[in-house]
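The values are calculated or read from the model by the stated rules, or taken from the named source; none is laboratory data. All figures in this text were calculated on a predicted structure; none of them were measured in a lab. All accessible areas refer to the heavy atoms of the entire protein, side chains included, with ligands and DNA or RNA removed. Shrake-Rupley method; radii C 1.70, N 1.55, O 1.52, S 1.80 Å.
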Amino acid sequence: MSSRVDNPSYAQETLEFVTIAAEYCALLEQSEERTATEFVGTLLKLLPLIYMKVQLLPEAETEGTFVPDGQVTEDDYDYVRSGAYRLLHRHDEYEMLVWDEDMQTEESRWCSVSEGLADVYQALRNFVAVYQQRLEPCMPDALWQLRDSFELYWGRTLLDTLRQLHRIRYGINADDNEENS
């Protein structure tokens, strides 16, 4: 019988990630308590940490245990997205060049910081909910699912959003300095 220390669900790296992911979720859920500058500044600290920490998570095998369907409802998603949009509205949309491997072409598309943040939120909130509800039989599958979806989807979304937040952060300061002149 393995101990909790040998169990990837309770590895130090996993528990640290749960803490950071919960902090990110709380930030988005309580965005109305922040200014745009505070919000962006905190995200610029949390998102790189999340990216690094997810890569340190231990390997977990899916055991086929039922992982509760998304804990994030459409209303939850819209709430965090609209909260982020409220703070970033004039900086929310940005144009991104995307390389299409199949067509061997580069195309431009419009993206939204608030949607990117909400997409990352959805993945993290679903994962954190399993730990908050102490659903031990589901934890290995939740860990596997988080890593898998990171590799396939939300890792890239996090990086694209982080790049735009960097532009926003230094753009907000430039705008503030211009307005104060």
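Data table
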item: Overall dimensions of the range 1-124 by Cα: Rg and Dmax, Å; result: 17.5, 56
item: C-alpha long axis of helix 139-149 to longest principal axis of the chain, angle in °; result: 40 degrees
item: Helix 36-55 vs. the chain, principal-axis angle (Cα, 0 to 90°, nearest 10); result: 40 degrees
item: Carbon/sulfur fraction of accessible area - the range 1-86, other protein chains in place, 1.4 Å, %; result: 51 percent
item: The range 46-102 versus the range 115-177: alpha-carbon centroid distance in Å; result: 3 Å
item: Per residue accessible area of the chain, 1.4 Å probe, in Å²; result: 59 Å²
item: Accessible-area value, R90, 1.4 Å probe, nucleic acids and ligands omitted, Å²; result: 140 Å²
